[in-house]
């Protein structure tokens, strides 16, 4: 399969639209979330900066020491395997131009994607670690769901009369591990997502694939490599075709709870840097995005970056103006969405929408309270069960309100 990064698109920015049939409020707590590569800080630092030779040598010494002490070597064996994949990855670094970067709170990272809202919606789970994407393609909804007690898989649903159809897992990706952060291009063919598996560079990596209409399956996904991926979590890649800009998120070099959103210029085809003639320090800097301000650029790239910054400024300005006219987002049907109470023509629908807004806020507060109770050991199981019951009741109330509002407004 050819390299896929180059595809372009117009995409959707998202608002916090709560629906009772969107992302489940909770999932099994056994998913393998982010953990350090090693307890040895220097080893982690060498891997993050792509100093794979140093990391490999250190890991092999630690393996020898562990064997003498009859201790497990599994931790360091993983580092050796990762270094082997990393060295191979350095021979295929994409020469991408980074336009901008901004550090934000992880639980609000989608707000940093300044994309138009007419091509679909992204919804972030209350825990901030699962993203659902609703396209404009026949009401298709892509979202991660539990395939068992330890893994997530991306499932395809369709929205019919405000309800999700029974989902079917996306086939052909060829990934053994968690898959998350889905994004499908408007062509319905090019698919980006993130996955955490033993075959990646560590934690969540970005992958790309295309749909094969003959077999009606996706081709086996390809790891997008450097600089899009790192040892840290790299995810949620989207591309705005009209602006010729792309975004992806990464928590490399970031403290806990923070994430960096990189804006880049999508290449029409992968522009691999020649490993044999490249300066290795410069190559590592480009591959790891160590310092955006000092990354080496050709004159042509500098000009392209300056033009892209102007486009980004325009996109941000347009989104700011658009968002200033929004108090919320309530989707009535495929043709109409209300953003303020005055958008409703039915006075009764306006009143019910006010109630819907308050209940939605209450639901968010209760979910936060539930998470705090679960993290607090003195909390009794009965208290948690009572709160979970109230949350389900409130979700049903919100869902019924949504149905009533739609019926009132669309019958006018």
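The values are calculated or read from the model by the stated rules, or taken from the named source; none is laboratory data. Source: prediction; values computed, not measured. Heads up, the Cβs are rebuilt from the backbone with ideal geometry, glycines too, and the neighbour counts pull from every protein chain shown.
If we scan region 202-217, do we find a residue that is assigned to a loop (DSSP other than H, G, I, E, B), modelled with pLDDT under 85 and surrounded by 23 or more Cβ atoms within 10 Å (Cβ to Cβ)?
From region 202-217, those assigned to a loop (DSSP other than H, G, I, E, B) are 202-203, 213-216; that's our starting set.
In the following step, the residues that additionally are modelled with pLDDT under 85 were identified as 202, 213-216.
Remaining after also requiring surrounded by 23 or more Cβ atoms within 10 Å (Cβ to Cβ): 202.
Taking every residue of region 202-217 in turn, at least one turns out to be assigned to a loop (DSSP other than H, G, I, E, B), modelled with pLDDT under 85 and surrounded by 23 or more Cβ atoms within 10 Å (Cβ to Cβ).
Take region 238-267 and flag every residue that is in a loop (DSSP other than H, G, I, E, B) and either buried (at least 23 other Cβ atoms within 10 Å of the Cβ) or touching a residue at least 40 places away in the same chain (Cβ under 8 Å) (or both). Don't jump to the end; show me each part of the working.
Step one: list which residues in region 238-267 are in a loop (DSSP other than H, G, I, E, B), which gives 241-244, 251-257, 266-267.
If the condition is that a residue be in a loop (DSSP other than H, G, I, E, B) and either buried (at least 23 other Cβ atoms within 10 Å of the Cβ) or touching a residue at least 40 places away in the same chain (Cβ under 8 Å) (or both), then 241, 242, 243, 244, 251, 252, 253, 254, 257, 266, 267 are the ones that fit.
Could you identify the single residue in 281, 316 that is surrounded by fewer than 16 Cβ atoms within 10 Å (Cβ to Cβ) and more than 29 Å from residue 190 (Cα to Cα)? So that I can check it myself, show each step before the final result.
Details: 316 fails: more than 29 Å from residue 190 (Cα to Cα).
Result: 281 is the single residue among 281, 316 that is surrounded by fewer than 16 Cβ atoms within 10 Å (Cβ to Cβ) and more than 29 Å from residue 190 (Cα to Cα).
Taking residue 181 as the residue in question, decide whether it is at pLDDT 85 or above, part of a strand (DSSP E or B) and under 25 Å from residue 242 (Cβ atoms). It would help to see each step written out before you state the result.
Details: at pLDDT 85 or above: yes; part of a strand (DSSP E or B): yes; under 25 Å from residue 242 (Cβ atoms): yes.
Yes: the conditions hold for residue 181.
Give the residue that is farthest from the chain's Cα centre (by Cα), with candidates limited to residues of region 71-118 that are buried (at least 20 other Cβ atoms within 10 Å of the Cβ) and over 28 Å from residue 46 (Cβ atoms).
99
Those residues that are within 22 Å of residue 195 (Cβ to Cβ) and modelled with pLDDT of 95 or more, I need them from region 261-276; list them, please.
Those that are within 22 Å of residue 195 (Cβ to Cβ) and modelled with pLDDT of 95 or more: 261, 262, 264.
Of everything in region 177-201, what is crowded, with 19+ Cβ neighbours inside 10 Å and either closer than 12 Å to residue 238 by Cα or not assigned by TED's automatic domain parsing to the domain that holds residue 250 (or both)? Give them in sequence order.
Start the filter on region 177-201 by keeping residues that are crowded, with 19+ Cβ neighbours inside 10 Å, which leaves 178-185, 190-196, 200-201.
Result: 181, 182, 183, 184, 185, 190, 191, 192, 193, 194.
So residue 294 clears everything in (1) out of contact with any strand residue (DSSP E or B) (no Cβ under 8 Å at 6 or more places or on another chain); (2) at pLDDT 90 or above; (3) more than 11 Å from residue 95 (Cα to Cα); (4) surrounded by fewer than 17 Cβ atoms within 10 Å (Cβ to Cβ) except one condition, right? Which one?
If we test residue 294 against (1) out of contact with any strand residue (DSSP E or B) (no Cβ under 8 Å at 6 or more places or on another chain); (2) at pLDDT 90 or above; (3) more than 11 Å from residue 95 (Cα to Cα); (4) surrounded by fewer than 17 Cβ atoms within 10 Å (Cβ to Cβ), just (2) comes out false.
Could you check, for region 228-237, whether at least one of its residues is at pLDDT 95 or above, surrounded by fewer than 24 Cβ atoms within 10 Å (Cβ to Cβ) and not in a loop (DSSP other than H, G, I, E, B)?
Yes, region 228-237 contains a residue that is at pLDDT 95 or above, surrounded by fewer than 24 Cβ atoms within 10 Å (Cβ to Cβ) and not in a loop (DSSP other than H, G, I, E, B).
Just one of 218, 226, 193 is in contact with a helix residue (DSSP H, G or I) (Cβ under 9 Å, 6 or more places away or on another chain) and closer than 27 Å to residue 272 by Cβ; which is it? Show your work before the answer.
Values: 218 fails: in contact with a helix residue (DSSP H, G or I) (Cβ under 9 Å, 6 or more places away or on another chain); 193 fails: in contact with a helix residue (DSSP H, G or I) (Cβ under 9 Å, 6 or more places away or on another chain).
Unique residue meeting the criteria: 226.
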